Amino acid sequence: MAFNSSGGGSYRQQIAQQRLRIITGHLQRPEDDDSAISAVECKAPSSESDASSSEGKTVPRRRHEIMKWNGWGYSDTRFLFNKKGQAEFTGKRYRLSGLIIPGLKDWMEGTFGASVQHKSQATPILNSSSVQPPNLNEAFVEELKSTGVPYSHDAEDRVFRAHGHCLHEIFALREGKIGRVPDMVVWPNCHDDVVKIVELACKHNVCLIPYGGGTSVSSALECPPEETRSIVSLDTSQMNRILWIDEKNLTAHVEAGIVGQDLERLLNESGYCTGHEPDSMEFSSLGGWVATRASGMKKNIYGNIEDLVVHMKMVTPRGVIEKSCQGPRMSTGPDIHHFILGSEGTLGVVTEVTMKIRPMPEYQKYGSVVFPNFEQGVACLREIAKQRCAPASVRLMDNEQFKFGHALKPQVSSIFTSFVDGLKKFYITKFKGFDPNRLCVATLLFEGNRDRVLQHEKQVYDIAAKFGGLAAGEDNGQRGYMLTFVIAYLRDLGMDYYVIGESFETSVPWDRVLDMCRNVKARIVHECKERGVQFPPLSTCRVTQTYDAGACVYFYFAFNYRGLSDPVHVYEQVEHAAREEILASGGSLSHHHGVGKLRKAWMRETISNVGMGMLQSVKDYVDPANIFGNRNLL
Amino acid sequence: MASKPVYSLHRNPMLKKRDDFEDVLEERRSSSDLRYALRCYTPVLYKGMTPSKASMLKSMVLQSDQLHFVMKQVSTETGKAVDDIQEEASAILEEMAHRLQLSTIRFFAYTLTKVFKNLFRSICVNEEGIQRLQQAIQEHPVVLLPSHRSYMDFLLMSYILYTYDLALPVIAAGMDFMGMKVVGEMLRMSGAFFIRRSFGGDKLYWAVFSEYVKTILKNGFAPLEFFLEGTRSRTAKSLTPKLGLLNIVMDPFFKGEVFDVNLVPVSISYERILEESLYARELLGVPKPKESTSGLFKARKVLSEDYGSIHIYFGQPVSVRSLSQGKIDRCQFNLIPRHIPKKPTEEIQGFVNDSAYRLVRAQEENMVLKPWVLLASLLLQNHHQSQASGQRPGLTRDELTQQAAWLRDLSRQYGAFLHWPDHASPSEVVSSSLSLHRGLVKMSEGRIQLAVEQGGQVNPGEPRTAVTPEEELLNRAVVILSCASYRNQALHVFLRPALLASALHAASSNHKQEVFNSFSFLRNMFSNEFILCPGATVQDFEEACFLLMKTGELQVTEHEVLVTERGQRTLGFLTNMLDPFLQGYQVVCRFLCEEASEALTEKQFIPDVRKFIIKHLLAGRLRYSEVLSSDLQKNALAALLRLGAVQKMKGAQQGTLKVNKVMVNSLEDTLGGKLPTQKAAVARL
C-alpha cells in the first residue's frame, strides 16, 4: 500500500513492530487442534539468505482470525459512527487509525442521502449450518493425508475461500447467504507440495481452484455452481518465503504465495524493494499478480508485473512449465510467460517467481497540483506522458473524488493548521478564481536520488503550471494516496447504511480519455435513474496511470439503495451498462483487474474469435480434464 | 418489423395524448412590445455553459484536428501550400458562420411582434413541449427539427424561443438568402449560418462545414436548428428527408464525443400559408422570384391580410442514444483516430435514414389540422367529380357541413390532430373557414365551389382580357394546386388506409396476399411522394387494416379482405384522394413511353412533361390539373429512377435519361390496375 511506504523508515518500522506483536500473539496460541489439519510441514528448500523465514508473516492459515469474514481487511480496523455521531477509524494499523473524521458524516449524507439513523446491519457471525456439507473425494483425501500437506474442511475456512471482494459477494455474506463453496482447503508449503496436489487432483479428478490473497474483484474465486466434482481450494499463503536474493543481477527468487506487504518488508530489510505496489498489496499475493497481470502504482519506475518477472514456475496438469535460463529477454517464439500471465488460475498454480529488485529509494516526496478543471488536468498528464517524465506515480482525481478526499481529512489538532487550510482554500477559490465545483487535483509521488527528485519535481510542476495547475502541497498528495486504500474499508461502512458501491477500471487511448470519463459517469447516473435509484449516485473517476499511448482510468460508483427490492441486481445492471459504455467509448475490458467470470461475456468481442480459439487450444492442451476448473476467462 | 419504444406507444393513434396550446400573442396584445423586446433575457444553457463568442467558435473550428487533417490531405492532392488552404478554409468559414447578436434578436422581437399581431389571429405553442425542451437543453446538446412550409419558419422559431427565455438556436440556412444583402446579414446576426446548396466534391468545404456544426453541437454553445426536409415544401406535404446534416449531428454521439444528442421534431402548421399562390405558380413553372430585399418589400401587401393562426408543437425529444441502442455498435470507431473522415458504413447510413423518416413522421403526426383542410379535400373531390360527370359543381352549405362533420369524425378516428372548435356549431366552423380562404372558394347559386372559373381571382391586379386556353388552364390550376396544398396537410392521416383502398380497387381479387401485393406495389411506387418509413410495408399494411376494421369499413379474415356495405363511402373517398397521384404517375410514364427522345435530359424533363400534360389536359384526356405540379413529376421520375425503369446516363451523354420503355409501360399498366402485381411483391405476409 502506498501508505505503508510513505512516512519513511520510522513509520514503516512502527507498523512492522505492531504487526509482529500481533502475529507473535497468534503464534503463541496453542496450535489449533482441528483434526483436519495435519501438523507435518515440508521443509522449503531454504538458503542462507532466507533469513526472513523465521519472522512472522501476515497471513495465517486461519485467515478469519485476523481478517473479516464478510468485509475488507483486518478485523480490528473499520469505520464507524461513534456515540457522538462522528465517523471514526478504529484500530492501530494505519495513520488514520484512531482518528475522528469530522467531514465524513456530512459527506455521506450529502452525497448519498444516507442517514446515520438508517442502519443495515450485517450478519455478525457465520452460521455454519448455512454452509453445505463438504463433498469430499475420499480417495483424494486419503492419498493427500499420506503426503502430509495440511488441509481442512472446516466451514469457516471454506467460506473464506469461496469469494473475492466483488460487491455481490460481500453483500451475500453480510446477509448470511452462502452459495457453492470449496469442499476443502489445502495449504501446500512449497513447490513440491503443489506438484503432489496437482498430481493427486488429476488422478482422482478433483477440481482445483488456486487461492492467493483473495482480493479478486472479477468473481474469479466464485465456485462454478455447475461443478459437480469435489472442489479443492489451493491456498498458497504458506508458500511465502524469499528463497534467495541475487544482488549481482538484482533479482529475488520468491515463493508465489507471499503477500505484497511481506515481500516489500522482507526485501526492505536487505535494502531492496520490488516497487510493485498495487492498491491491494497488503493482502494480494505474488501469484495472484502474475495470474491477473497486475499493475502497481509506481509502474512508471518499476514497471508492471510482466516487466518485473524474469522467470517463473507453474505447476500444470501436464507438468511444470518454466524457462531454462534467466536471460533478460529472449527471442524464442511467443513468450510462454504470456500464457501464464493473466491465465487467472485456469492453467495451473504459479509456485515460484524470480523478480527484479531495486535498491530502496533514497528519497520519497509526495506532491499535489490543483487544476481549474478536469480537462486541463488530463491535458497536463498527457503532456507529462509525452515528455516521458512521469513521477513514480501520478493520479488525477476528478472534482467529486477531490471532495471525497476532503471529507476524509482527520480532525485537525491545532488551530494553526485549520487557519492555514482556510487560507489555502481562499487563495485557490477566491484569488485564483477556481470553481470549487470544477477544480480537480493531481497527486504525485517522486522517488529516487534526492537531487534528482527535486529536479524532477520542478520539471513536473513547470509543466503543470502551463496547464493552469497550482502546487497544492505534500499533504494533499499523501492524503490522496491514503484514499485509495481506505476506500475498501469505507465500502463496508457504506453497506452499514444502505450504500453499495464498487470500483472498476479500464485503459484508454489519450484522445478518448475525457470523452470516455464523461460518458461513463453520465451513463451511471442515467442508468441509476432509469432503475429507480432514489438519490443520484456517486459517479467519479481518476486517471491513475499514464502510458505513452494512453492512460488507465479508475471509476468509483456507489449509491443509496433504500427503496430498491433487489439492490445487487440493480447494481450489476448499472455496472454492466457502465462497462458497455467503456467499450463503446474506446476503453478496454480491463487494465489490471482481469476478466474472471464477471467480464467473460465480452471476451470474444475483445480478443476476436481466433484469439479465443488460441487461448482455448492452450487450455485444452495444458488441462484437458479441466482440473483447474474455476472457469475464468474463457 | 422493429418498432421503437418511442413510437410503439402511439401504435394506436387514438390513444395518443397531445399537449394543450397557449397563445403567445395574447400577452403581446396587452403589454408593451418595446419592453418585451428589451426585457432581461437569460436562457439556461447546456450544463451551465457560458455562451461563447462567435469568434471563439471560428478559431476552434480552424484549429480542430479534423480540419487540419483534411487541409493537409487537400494540400498533398492539389500541391497547394497548407497556408493557402488554411486561408481558403478561413474564407469558407467567414462566408458560412453566424454572428448571433442579442441586439438583432431584440430588433426582430420588436418588429416581428408588430407584424405577427397584424397577420395572425394567434400563435399557439404547446407549453409542455417548451418545458421538455428546456430540460433537454440543459442535459444534452439539442437539435431542433422544424417542419418547413414557409420563410416564416425560422424567424418564428427564434421568436418563440426568445419569448420563452430559451437558448437561441443556430440555424442552417441555404445560401440563397445571401442574395438579400441586408436581410441576409440580419438573419446571420439572428443566428443563421449559410451553406451552399451543393458542394458534393469539395472536401475542404465539407470539412469546414461539418466541423463547424459539430463544434457547435459538442460544446453545447447553442441548440442547432435545421430542416430535415432540406427546403420549403411547396405542396404542404412533408418532403422525403435529406440525410447530410442529420448524419453530421449524429456522428459525435457515435464517436463518443457527446453522451447523447436530443432531436426535437417541431411541427409548425399555418392556417393559411403566406406563400400560398406563390408556391402554386412555382409548381406550375412560373419561376419563383429570386430572393431580393426589394422583392420582400413588394410583398408588403401580403401584410394586410388575415392569415388565421399558427400552431407550433414541440415534440417529444428523441434521444439518439436510445434510438440507436442495439442498432449501432459504437466500437467500430475504436480502431481509427476519430479526426480522420470516414464514409459512414451502410449500417449507419441505414440507421440515419430510418431515423430521419421517423422524425419526419413525428413532425407530421403533430401537425395541427384546421377544419379548412377537410373542406379543401371535400371541395376538390367534388370539383373533379362534377367535372367528370357533368353535374352542377359545388355543394350546398348544408351538404358541405354534413360531409365535413363526417370527415371530421373519420379523421379523428384515424388519429388526426384536428383543431375543430368544440364550442361552435359545425356550420359556424365551416363559415369561418370559408371566409378566411375566400380567395379560393366562391358561392354561386347557393352552392359553394372552388373559385376556378375566373382566373382573375388569384391575381386581381391583372386585366382579364385575352386569355389563351393554356393561360386559363394554368390560372385554374393555381387555385386547384393552392387548394390541394391544404388537402395535402391531411394526407398523412389518410395515407395508409388510402393506399389500402386503392390496392383493393386495383387488385384482381379480395385475396389478402393479392391485396397486400398491390398495396406493397403502390407503397413502393409512392415512397418518393409520401413519408413511408423504409422497410415498414407490413407494419403499414397492418395499420391500414386495423384502422379500416376499427371503423367497420373492412372485414379482414385470414385470407380475405372484404369491404363492408358501409365501407363504400369511406373507401370511395380514400381512393379519390390518391387518384390524382395515380394519374400523375401514369401520365409521366406515358410521356416517357410516347414522347421521350433519346436525348431527353434531366433538365429538359420537367418542361417537356409539362407540355405533354397541358396538351392532354386541354384535350380533356386527363381529369386532374393537379398533375401539372412539378413536384409530383419530379417525384415520379425519382421513383422510376429508383426502380430502374429510367437510368441516368454517364460519360458522353451525361445528364440524359435512358428509358426502359417495356418496364415503364408495365408500371403504367399496373398503376392503372390492369395487371396482377407479381413482380412488386417484395415482402410476403
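Any chance you could list the semi-axes, whole Å, largest first, of the equivalent ellipsoid that the Cα gyration tensor gives for segment A:64-182, using √(5λ)?
38, 17, 10
Treating the beta-carbon of each Lys and Arg as +1 and of each Asp and Glu as -1, no other charges, what is the dipole magnitude of segment B:493-684 about its Cα centre, to the nearest 20 debye?
Here segment B:493-684 has a charge dipole of around 500 debye.
Test of understanding: what is the full-extension gain from B:Gln349 to B:Glu598, defined as 0.36 nm times their sequence separation minus their Cα-Cα distance?
Contour length minus the Cα-Cα distance gives 86.2 nm.
Could you give P(r) for segment B:487-551, binned at 10 Å from zero, as whole percent values over all Cα-Cα pairs?
Using 10 Å bins, I get a P(r) of 22, 59, 19, 1 for segment B:487-551.
Mind checking the log10 I(q)/I(0) for the protein assembly as shown at q = 0.07 Å⁻¹? Debye, one equal scatterer per Cα, no solvent, two decimals.
Here log10 of I(q) over I(0) equals -0.86.
How large is the helix-only mean residue ellipticity at 222 nm for chain A, computed as the sum of -39500 (n - 2.57) over DSSP H runs with n ≥ 4, divided by its residue count, in deg cm²/dmol to the nearest 500?
Calculated mean residue ellipticity at 222 nm is -11000 deg cm²/dmol.
Please determine, in degrees from 0 to 90 and to the nearest 10, the orientation of helix B:512-525 with respect to the longest principal axis defined by the Cα atoms of chain B, where the helix direction is its Cα long axis.
50
Tell me which residues come under 5 Å, amide H to amide H, from B:Asp165 once H is placed; ignore anything under 5 positions away on its chain.
Here the answer is none, since no amide H 5 or more places off falls under 5 Å of that of B:Asp165.
Summarise the long-distance tail of P(r) for segment B:340-412 by giving the % of C-alpha pairs beyond 18 Å.
Summing the P(r) of segment B:340-412 above 18 Å gives 61 percent of all pairs.
If one puts a single equal scatterer on every Cα of segment A:340-419 and applies the Debye formula without solvent, what log₁₀ I(q)/I(0) results at q = 0.19, 0.24 Å⁻¹?
Taking Cα atoms of segment A:340-419 as identical point scatterers yields -1.00, -1.15.
Taking 7 Å along the Cα-to-C-beta vector as the label spot, tell me the B:Ser31-A:Glu109 distance in nanometres, rounded to one decimal.
Taking the simple label geometry, B:Ser31 and A:Glu109 are separated by 4.2 nm.
Take segment A:261-334, drop everything but the C-alpha atoms, weight them equally and run the Debye formula without solvent; then report log10 I(q)/I(0) at 0.16, 0.17, 0.18, 0.22 Å⁻¹ to two decimals.
Cα-only, vacuum Debye calculation for segment A:261-334: -0.69, -0.77, -0.85, -1.12.
Using a cut-off of 15 Å between alpha-carbon atoms, which aspartates and glutamates can reach B:Lys114, once sequence neighbours fewer than 8 places away in the same chain are excluded?
Leaving aside aspartates and glutamates fewer than 8 places away in the same chain, those within reach of B:Lys114 are B:Glu26, B:Glu27, B:Asp33, B:Glu305, B:Asp306.
What are the radius of gyration and Dmax of segment B:450-601, computed over its Cα atoms and given in Å?
19.3, 62
Calculate the tail of P(r) for chain B: the fraction of all Cα-Cα distances greater than 46 Å, expressed in %.
Of all Cα-Cα pairs in chain B, 19 percent lie more than 46 Å apart.
In Å, what is the Rg of the alpha-carbon atoms in chain A, and how long is Dmax?
Just the Cα atoms of chain A yield Rg and Dmax of 24.0, 76 Å.
Taking Cα centroids, how far is segment A:199-237 from segment B:636-666 in Å?
Here the answer is 71 Å between Cα centres.
So what's the net charge close to B:Leu491: Lys and Arg +1, Asp and Glu -1, counting the other residues with Cβ under 11 Å from its Cβ?
That sum, taken over residues with Cβ under 11 Å, equals +1.
With n ≥ 4 as the cut-off for DSSP H runs, can you work out [θ] at 222 nm for chain B, using -39500 (n - 2.57) per run divided by the number of residues, rounded to the nearest 500?
Calculated mean residue ellipticity at 222 nm is -16500 deg cm²/dmol.
Take peptide A:506-516, look around each residue's Cβ out to 10 angstrom, count Cβ atoms belonging to other protein chains, and average those counts.
Taking the mean over all residues of the peptide, I get 2.
Rounded to whole Å, give me the distance from the Cα center of segment B:135-214 to that of segment A:355-392.
Taking the Cα centre of segment A:355-392 as reference, the centre of segment B:135-214 is 46 Å away.
Could you check the simple spin-label distance between B:Asn118 and B:Ala424, using points 7 Å along Cα→Cβ, in nm with one decimal?
In this crude label model, B:Asn118 to B:Ala424 measures out at 2.5 nm.
Could you give the length gained on full extension between A:Glu605 and A:Thr123, defined as 0.36 nm per residue of separation minus the Cα-Cα distance, in nm?
Gain in length upon complete extension: 169.5 nm.
Hey, how many Å between the Cα centroid of segment A:285-346 and the Cα centroid of segment B:566-608?
76
Taking a quarter of the surface of the convex hull around the Cα atoms of segment B:188-231, what do you get in nm²?
If I average the Cα hull's projected area over directions, I get 3.7 nm².
Across the Cα atoms of segment B:88-158, what radius of gyration and what greatest pairwise Cα-Cα distance (Dmax) are found, in Å?
That works out to 15.7, 48 Å for Rg and Dmax.
With charges set only on the Cβ (+1 for Lys and Arg, -1 for Asp and Glu), what does the dipole of the protein assembly as shown come to about its Cα centre, in debye to the nearest 20?
Computed charge dipole of the protein assembly as shown: roughly 3040 debye.
If Lys and Arg each add +1 and Asp and Glu each add -1, what is the summed charge of the other residues whose beta carbon sits under 10 Å from the beta carbon of A:Cys223?
With Lys, Arg at +1 and Asp, Glu at -1, the net is 0.
For the protein assembly as shown, build the charge dipole from Cβ charges (+1 Lys, Arg; -1 Asp, Glu) around the Cα centre, then report which of A:Pro225, A:Phe374, B:Gln66 sits farthest towards its positive end.
My answer, from the dipole projection, is B:Gln66.
Rounded to the nearest 0.05, what FRET efficiency do A:Lys84 and A:Phe535 give with R0 = 25 Å and r taken as the Cβ-Cβ distance? Could you check?
For R0 = 25 Å, the calculated efficiency reads 0.50.
With 22 Å as the limit, write out which pairs from A:Lys298/A:Lys365; B:Lys237/B:Lys370; A:Lys466/B:Lys53 have Cα-Cα distances beyond it, or answer none.
A:Lys466/B:Lys53
I want to check the label-to-label distance for B:Lys661 and B:Asp398. Put each point 7 Å from Cα in the C-beta direction and report it in nm to one decimal.
So the two model labels end up 5.7 nm from each other.
Hey, which aspartates and glutamates would be in cross-link range of B:Lys648, C-alpha to C-alpha under 15 Å, not counting anything within fewer than 8 residues on its own chain?
Output for B:Lys648: B:Glu598, B:Glu602.
Could you tell me which residue out of B:Gln134, B:Gln654, B:Pro337 lies farthest along the dipole of chain B toward its positive end? Charges go on the beta carbon: Lys and Arg +1, Asp and Glu -1, centred on the Cα centre.
B:Gln654
Based on the Cα gyration tensor of segment B:493-684, what are the three equivalent ellipsoid semi-axes, each the root of five times an eigenvalue, rounded to whole Å and given largest first?
32, 18, 13
Quick one: divide the alpha-carbon radius of gyration of segment A:201-305 by 2.2 N^0.38 Å and tell me what you get.
Taking N as the residue count of segment A:201-305, the ratio is 1.22.
Among B:Ala173, B:Ser147, B:Val429, which residue has its Cα furthest toward the positive end of the charge dipole of the protein assembly as shown, with +1 on Lys/Arg Cβ and -1 on Asp/Glu Cβ?
Result: B:Val429, furthest along the dipole toward the positive end.
With charges only on Cβ, +1 for K and R and -1 for D and E, what is the dipole size of chain A about its Cα centre, in debye, rounded to 20?
Using Cβ point charges on Lys, Arg, Asp and Glu, chain A gives about 1840 debye.
Check the straight Cα-Cα distances from B:Lys442 and name the aspartates and glutamates below 13 Å, setting aside those fewer than 8 residues away within the same chain.
B:Glu453
Starting from the exponent 0.38 and prefactor 2.2 Å, build the expected Rg for segment B:371-451 from its residue count and divide its actual Cα Rg by it.
Here the Cα radius of gyration is 1.07 times the empirical estimate.
Can you flag which of A:Lys323/A:Lys597; A:Lys92/A:Lys403; B:Lys214/B:Lys255 are past 19 Å Cα-Cα?
A:Lys323/A:Lys597; A:Lys92/A:Lys403
Bear in mind these aren't lab numbers, they're just calculated from the coordinates by the rules spelled out. Only a predicted model underlies this, so the values are computations on that prediction, with no experimental measurement involved. All Cβ positions, glycine included, derive from the backbone under ideal geometry; neighbour counts span all protein chains shown.
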